[in-house]
Amino acid sequence: MTRPLPRHAAGPPPIAEPQLQPVIRLVSVTKTYGSDEAMVHALRGVSLEVAEGDYVAIMGASGSGKSTMMNIIGCLDVPSAGQFLIDGIDTSSLDEQQLAVVRNRKIGFVFQAFNLIPRMSALANVELPLSYAGLRAAERHHRAEAALRLVGLADRMTAQPKQLSGGQQQRVAVARALVTAPALILADEPTGNLDTRASHDLMDVFDRLNVAGRTIVLITHEADVAAHAKRVIGVQDGQIVADRRLTGPDALPPLLGQPAVRP
Amino acid sequence: MSPAQVFRFALAGLAANKLRSALTTLGILIGVGSVVLLVAVGNGSSQSVQNAISSLGANAITVVHTEGAAGTTASTTAGTPAGTTAFAEPQNLTVQDAQALAQTQGVASVSPAVSTSETLSYGASSDSASLTGSYPSYFPAEDDTLSAGSYFTTQEVNTARDVVVLGSEAATDLFGTANPVGQSVLVAGIPFTVVGVLATKGASGLTSADNTAVAPLTTVQDALTGFGTLNDIVVQATSAALVDTVEGEITSTLDLRHHETTSDADFEVLNASSLLSTASSTAHTFTVLLGAVAAISLLVGGIGITNIMLVTVTERTREIGIRKAIGATPGVILAQFLTEATLLSMIGGALGVLAGVIGTRFTIVGVRPVTVPLSIPLAFGVSALIGLFFGGFPANRAAHMRPADALRYE
């Protein structure tokens, strides 16, 4: 079931593995905070599989547990009970150091607040995950430039975050998320701090990334953002209450290439 | 992740808050600088005392008159505290004592001496100097050499002539660059003819060994001090090897003559090597004390590093969260913040060494500091360790932050 990390591949590669191992697999995951009377049940047994190439929106009001889900899917936090596998790796057996490596290799994050590191150029921000992966400078540079070109920021590579608009900062964050070619791009309210126009541009980037084969999980409470996904999952009170498929995992994203709706 | 990359991140972290980094560095700079400088001051004063003592002459033994049974004077010779319940009256140290000592085996010369502080004047200039009355043998015993003229003679001692040999500083103070030999100076109003000028000996601890004047014993006793006790008797042994034996002989001879026991002696016998060991142990204590004060300021600088790194880690909690989210391992975060702290302390240490070494070029409260070479790598090394030690706690805190919490931090 589990597969070793790519760099430590030992023994024969799995040849005839069953078709399409899920990128994410949650089995009866619960998460509680605090103890005894003050205990908060953030997740009450969530089971979910996301296939490679899928484009999933997780919707829910604040307090529904979607942020906790995002933390667990992003390996930023560990489940209290249940099992979570990413790209076939069971995270319950991993220590802090190994979780960091999984985040680096398997996941690309896009946050609501952009979360670029200040006083570092766009290019340096995008290179950062590659630095932590141990790549050499020339290779880092090459791949970070390619990623920035992909999100349409070829001309702003040397700009610092504060010199960029919100939309541009978020596209730098997307470039940083995809530069390691992760199994999963995980976006937490990516349009939450953007205006309509920038939101549309960003969703367009996500749509095109999905077409290119990237698996994307979006966490949002906006219906028109969720409408870009192929599958929409509703979360409420720490449980999945809805799972609606808009289009198949191998189909094109439903809103691909649609013109922006002008307010 | 390469060390060079970690180093670059650390530099960027420091550059983000230049004023704060500079002030923290200043704390270490002052600490390291004061260690280097104060140890040099201690060492310098110890060396100048040692030089002064060794200039007394290795073969010289000095018998110093003490108040003995008067009980008011603290005799400092180990094992012979001034007796306060003595039966014998304290006796004067006399020329007869000196003559008795001259009979002792291994003694080359004996110079009884009186000393007083007098005002010397020549024309309009005057100078307060220490005036010693003794024999011509006093000069070689004290390692004095002439720069002009000659010493006074035994004949002049016997006839109590008003002649004087000036120390180099006294000569300069009175005559400037003119040649004093043959001139007449007034000592306490009495005219003395200058017959010679001594070569410069240099400072001896607190007083200058050059601001002196030496005249025949008889003259000084006649005119100034009277015929009471001698202040001291300078005995010169025939060789340095005999100093300890001669010292013992002197003590027993004088004990006999003064009917003393060692518990109520009215004299003390000193030689250069015993003075030297006393002085160097004093100087050592002094150096250790100064070094300890400086080390405390280094410690305070180190606590400054902990403080500022804690602030930095708290301030950059979110950045740490981001770095962890995109794959920084705890080890890499630890390395980054430890490198920042160590850079702060090592830059401070390097500048401190520089400041300390520059400081040693100046004379400080009359002491010419002499840098102890070992203190430089030691102070610098300790400053680097301080960065590691005092930066360890904040860096560890950063390394083990929970990424989910760190990202949520506002």
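Where a number appears in this text, it was derived from the coordinates with a stated rule and is not lab data. What you are looking at is a predicted structure, and each value in this text was computed from that prediction instead of being measured. Using ideal geometry, Cβ is built from the backbone for each residue, glycine included, and neighbour counts are taken over all protein chains shown.
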Check: C-alpha center region A:160-198 vs C-alpha center region A:67-117, spacing in Å is 18 Å
From DSSP H assignment alone, runs of 4+ in chain A each adding -39500 (n - 2.57), the sum over residues rounded to the nearest 500 puts [θ] at 222 nm at -9000 deg cm²/dmol
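Expressed as a rounded percentage, what relative contact order does region B:116-229 have, with Cα pairs under 8 Å and six or more residues apart? Before the final figure, lay out each step's value.
Working: 234 pairs, mean separation 41.7, N = 114.
37 percent.
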Residue-ordered couplings for region B:394-402, obtained by feeding phi - 60° into the Karplus form 6.51 cos²θ - 1.76 cosθ + 1.60 and rounding to whole Hz (Gly and Pro as x), are x, 5, 5, 4, 5, 5, 9, 5, 7
Measuring from the longest principal axis of the C-alpha atoms of chain B, the long axis of helix B:18-54 (C-alpha) lies at a number of degrees, nearest 10, equal to 20 degrees
Highest mean packing first, using Cβ neighbours within 10 angstrom, the peptides A:244-251, B:344-351, B:7-14 sort as B:344-351, B:7-14, A:244-251
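Where in region B:339-410 are there chymotrypsin sites (Phe, Trp or Tyr not before Pro) that are in a DSSP coil and have at most 13 other Cβ atoms within 10 angstrom of their Cβ?
Details: sites: B:Phe362, B:Phe380, B:Phe389, B:Phe390, B:Tyr409; in loops: B:Phe362, B:Tyr409.
When the chymotrypsin sites (Phe, Trp or Tyr not before Pro) of region B:339-410 are filtered for loop state and at most 13 Cβ neighbours within 10 Å, B:Phe362 remain.
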For region B:353-410, listing trypsin sites (Lys or Arg not before Pro) in a DSSP loop whose Cβ sees at most 12 other Cβ atoms within 10 Å gives B:Arg361
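From the alpha carbon gyration tensor of the protein assembly as shown, can you work out the equivalent ellipsoid semi-axes (sqrt of 5 times each eigenvalue) and give them in Å, largest to smallest?
Values: eigenvalues 1745, 132, 70 Å².
Result for the protein assembly as shown: semi-axes of 93, 26, 19 Å.
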With Cα coordinates, the longest principal axis of chain B makes an angle with the long axis of helix B:272-315, in degrees rounded to 10, of 20 degrees
Non-local residues with an amide H under 5 Å from the amide H of B:Ile364, with H modelled 1.01 Å from N and Pro and chain starts lacking one, are none
Computed over chain B: longest principal axis from alpha-carbon atoms vs helix B:243-258 long axis, angle to nearest 10 degrees, is 50 degrees
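So for each of A:122-133, B:244-255 I average, over its residues, the number of other beta carbons within 10 Å; can you give me the resulting order with the highest mean first? Please list the in-between numbers first.
Values: A:122-133: 24.3, B:244-255: 17.2.
Packing proxy ranking, top to bottom: A:122-133, B:244-255.
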For peptide A:132-144, the mean count of other chain Cβ atoms within 10 Å per residue Cβ is 2
The computed P(r) of region B:302-399 puts the percent of Cα pairs beyond 16 Å at 60 percent
Phi angles of region B:154-170, converted by Karplus (6.51 cos²θ - 1.76 cosθ + 1.60, θ = phi - 60°) into ³J(HN,Hα) in whole Hz with x for Gly and Pro, give 4, 4, 5, 5, 4, 9, 6, 7, 8, 10, 8, 10, 9, x, 5, 6, 4
The Kirkwood hydrodynamic radius of region B:107-148, taken as the inverse of the mean 1/r over all distinct Cα pairs, in Å, comes to 12.1 Å
Dipole check, region B:111-168, charges on Cβ (K,R +1; D,E -1), about Cα centroid: among B:Thr153, B:Tyr122, B:Val165 the Cα furthest to the positive pole belongs to B:Thr153
Given unit charges at Cβ for Lys, Arg (+) and Asp, Glu (-), the dipole magnitude of the protein assembly as shown about its Cα centre in debye, nearest 20, is 5080 debye
Here FRET efficiency (C-beta to C-beta, B:Thr282 to B:Ala4, R₀ 56 Å, nearest 0.05) is 0.65
Karplus-derived 3J(HN,Hα) from phi for region B:325-341 (6.51 cos²θ - 1.76 cosθ + 1.60, θ = phi - 60°), whole Hz, x at Gly and Pro, runs 4, 8, x, 6, 7, x, x, 5, 5, 4, 4, 4, 6, 5, 5, 4, 5
Amide H contacts under 5 Å for B:Leu270, restricted to residues at least 5 apart in sequence or on another chain and with H modeled in the peptide plane, are B:Thr62, B:Val63, B:Val64
To the nearest 20 debye, region B:116-229 has a Cα-centred charge dipole, built from +1 on Lys and Arg Cβ and -1 on Asp and Glu Cβ, of 120 debye
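Considering only region B:116-229, what is the antiparallel percent among its DSSP beta bridges, to the nearest 5? Don't skip to the answer; put the middle values down first.
Values: 20 of 29 bridges.
If we restrict to bridges inside region B:116-229, about 70 percent are antiparallel.
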Output for region A:33-125: trypsin sites (Lys or Arg not before Pro) sitting in coil per DSSP, at most 15 other Cβ within 10 Å, listed by number, reads A:Arg119
On each of the three principal axes the extent of the alpha-carbon atoms of region B:116-229, given in whole Å and largest first, is 33, 31, 27
Expressed in angstrom and rounded, the centroid-to-centroid distance over alpha carbons for region B:382-396 and region B:225-298 is 48 Å
Per the charge dipole of chain A (beta-carbon charges, Lys/Arg positive, Asp/Glu negative, Cα centre), the residue among A:Asn193, A:Val110, A:Ala138 reaching farthest to the positive end is A:Ala138
Listed by chain and number, the residues whose amide H is under 5 Å from that of B:Phe192, excluding neighbours fewer than 5 places away on the same chain and using placed H, are B:Val185, B:Leu186, B:Val187
At 10 °C and 1.306 mPa s, the Stokes-Einstein diffusion coefficient in µm²/s for chain B, with hydrodynamic radius from the Kirkwood sum on alpha carbon pairs, is 61 µm²/s
Computed from the beta carbon distance with a Förster radius of 41 Å, FRET efficiency for A:Leu252 and B:Val311 to the nearest 0.05 stands at 0.20
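So what is the calculated 222 nm ellipticity per residue for chain B, using -39500 (n - 2.57) for each DSSP H run with n of 4 or more, over all residues, to the nearest 500 deg cm²/dmol? Don't skip to the end; give the middle numbers.
Details: 13 runs with 209 residues, N = 410.
Result for chain B, helices only: -17000 deg cm²/dmol.
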